[in-house]
Amino acid sequence: MKILSIESSADETAVSIVHVDGQFPDATYEILGNALHSQIELHAEYGGIFPAMAKREHTKSITPLLEVALDEADMLEGGSHDVTHEQEEKLTTLLYREPDLKEALLNYFESHDKPDIDLIAVTSGPGLEPALWVGVNFAKALSTIWGTPVVPVNHMEGHILASIFDIDRDDQLTEISFPTIALLISGGHTELILMKDWSVYEKIGQTKDDAVGEAYDKVARMLGLPYPGGPQIEKLASEARQQKLPTFTELPRPMLHSGDLDFSFSGLKTAVRYAIEGKELSAADKAAIARDFEDAVTEVLLKKVKMALDEYGAETFIVGGGVSASTHLRNTFNAVLLDSHPHVTAYFPHKKMSTDNAIMIALAGHARALRASNTAAAQLIKADGNRSLHEE
Ligand code: KG4
Ligand code: ZN
């Protein structure tokens, strides 16, 4: 079966075409086409994602990305079709808030044959609702014209599966043991998830305020570094470690001893603000602060992960989401867990799969394929900015 997957929950617009051979979770996934447009530069000066701008940008890029992905998959077949009056009416209703998208899609439908796609998978949440709606409405529009079913995907399930997708070796999901503990760390989320089986999730811990990625982005901004802050902080912190720079400031380890599996990162961010207030910072100071911050974050995450592994007797540990790209985090987790939890196998996503992409949405779409029913049901799908894995 061929899945067309769509991601637009934050600042990446992405479309993939994945050929699936077999049943979940034993299938082989061949990536036929993969197109992605990042809005990072657009949002850089705001220090975070500007929702209205993100929506506009998704609207502009999504149809060209579909064409690029189909072309790469050798599935962009030319043709000449009249869109019926009835179909156009449906598109008008569906895309009344996105008239430019409707025009782009009409052009596309009029000049291309229906590709050989069996299922459309689209991120319906969590994320920024205006951004999510672009992908969801796009999927519904394709479904309306092609008669293809749509499955609404949880973005976080995508991140979990991305971390165990062996893109370099056999294009399969790695066989894992249950229960599994997953740590999801991105710009919008910080969660500990207990996976009792494939697709069976329970949230066992979460942040009470800022997400880890958000804290990285805010601290970076305070240091005058562009968005996204994670890679910037990581670079400076690694310089500070190489040069063995002394501690700039003793930062707190929020909720380290709270006894539960929850997190809090807003106090850490505030502590950085107080430490630098009114000071003229040298390059070395900034590097030392980045390292102090990264150390504090890593220590708290590690402590809660160990607690969760012990509490549930898990021998598989998955890290997912954009912050999992951090080399320091990977190295520390691997080294410490090897020592304290030698029976635990830890999985991090391939670098290509760590930040938002549509391949992971195809994987999660396949996991949920049984839920996809007919095109009429597709029209009822809603974007849900707060969609939780807990209720999956
Ligand atoms: O998963 P993601 O691409 O988008 C969301 O769903 O939020 O995660 C983006 C977040 C940003 O906050 C970014 O600063 C952070 O991931 N990030 C990193 C690194 N690369 C990206 N954080 C720490 N170290 C990195 N190398
Ligand atoms: Zn994400």
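The values are calculated or read from the model by the stated rules, or taken from the named source; none is laboratory data. All of these numbers come straight from a predicted model, not from anything done at the bench. Methodologically, a virtual Cβ is constructed for each residue, glycine included, from the backbone with ideal geometry; neighbour enumeration extends over all protein chains shown. Accessible surface areas use protein heavy atoms only, side chains included; no ligands, DNA or RNA. Shrake-Rupley method; radii C 1.70, N 1.55, O 1.52, S 1.80 Å.
Scanning segment 219-232 for residues being assigned to a loop (DSSP other than H, G, I, E, B), over 17 Å from Ala325 (Cα atoms) and open to solvent by 30 Å² or more (accessible area, probe 1.4 Å) gives a total of 3. Might you check whether a residue that is in a loop (DSSP other than H, G, I, E, B), away from ligand 2 (no atom under 16 Å from the Cβ), closer than 21 Å to Leu302 by Cβ and of a type in the set (Gly, Ala, Ser) occurs anywhere in segment 240-253? The answer is no, given that none of the residues of segment 240-253 is in a loop (DSSP other than H, G, I, E, B), away from ligand 2 (no atom under 16 Å from the Cβ), closer than 21 Å to Leu302 by Cβ and of a type in the set (Gly, Ala, Ser). Cβ-Cβ contacts under 8 Å between residues 6 or more apart (or on different chains), taken from a first residue in segment 309-322 that is more than 16 Å from Leu389 (Cβ to Cβ) to a second residue that is within 16 Å of ligand 2 (Cβ to nearest atom) and among the hydrophobic types (A, V, I, L, M, F, W, C), are listed as Phe317/Ala182; Phe317/Leu183; Gly322/Ile185.
How many residues does segment 331-381 contain that are away from ligand 2 (no atom under 16 Å from the Cβ), charged (D, E, K, R) and part of a helix (DSSP H, G or I)?
Adding up the residues that qualify gives 2.
Filtering segment 320-334 down to residues that are closer than 16 Å to Ser354 by Cα and of a type in the set (Val, Ile, Thr), which residue is farthest from ligand 1 (Cβ to nearest atom)? Across segment 320-334, the extreme among qualifying residues is Thr327.
Only one entry of Lys235, Lys269 meets the criterion of being charged (D, E, K, R), within 16 Å of ligand 1 (Cβ to nearest atom) and open to solvent by less than 40 Å² (accessible area, probe 1.4 Å), and that entry is Lys269. Applying the condition of being touching a Leu at 6+ places or on another chain (Cβ under 9 Å) and among the acidic types (Asp, Glu) to segment 7-60 and asking which residue is farthest from Gly187 (Cα to Cα) yields Asp26. Scanning segment 242-266 for residues that are farther than 28 Å from Met307 by Cβ, without any contact (Cβ under 8 Å) to a residue 24 or more places away in the chain and either surrounded by 14 or more Cβ atoms within 10 Å (Cβ to Cβ) or of a type in the set (S, T, N, Q) (or both) returns a single hit, Gln242. Considering the conditions (1) basic (Lys, Arg); (2) more than 16 Å from ligand 1 (Cβ to nearest atom); (3) open to solvent by less than 30 Å² (accessible area, probe 1.4 Å), Arg371 is excluded by exactly one of them, (3).
Looking at segment 186-202, which of its residues are surrounded by fewer than 17 Cβ atoms within 10 Å (Cβ to Cβ) and either within 16 Å of ligand 2 (Cβ to nearest atom) or under 19 Å from Asp310 (Cβ atoms) (or both)? Across segment 186-202, the qualifying residues are Lys196, Glu202. Considering only residues in segment 187-199 that are in contact with an Asp or Glu (Cβ under 9 Å, 6 or more places away or on another chain) and either of a type in the set (Phe, Trp, Tyr) or modelled with pLDDT of 95 or more (or both), the one that is nearest to ligand 1 (Cβ to nearest atom) turns out to be Thr190.
In segment 4-25, of all residues being modelled with pLDDT of 95 or more and among the acidic types (Asp, Glu), the one that is nearest to Arg169 (Cα to Cα) corresponds to Asp21. Looking at segment 80-97 only, could you name the residues that are of a type in the set (Ser, Thr, Tyr) and more than 17 Å from Trp133 (Cβ to Cβ)? Scanning segment 80-97 gives Ser80, Thr84.
Residue check: His390 meets all listed conditions (1) at pLDDT 95 or above; (2) away from ligand 2 (no atom under 16 Å from the Cβ); (3) under 26 Å from His257 (Cβ atoms) but one, namely (1). With respect to the conditions (1) over 25 Å from His19 (Cβ atoms); (2) over 14 Å from the mean Cα position of the chain (by Cα); (3) not small (Gly, Ala, Ser), Trp146 lacks only one, and its number is (1).
Yes or no, residue by residue, for (1) open to solvent by 50 Å² or more (accessible area, probe 1.4 Å); (2) under 30 Å from Gly213 (Cα atoms); (3) modelled with pLDDT of 95 or more:
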position	(1), (2), (3)
Leu42	yes, yes, no
Tyr46	yes, yes, no
Glu72	yes, no, yes
Thr92	yes, no, yes
Arg97	yes, no, no
Pro115	no, no, yes
Asp118	yes, no, yes
Ser124	no, yes, yes
Glu129	yes, yes, yes
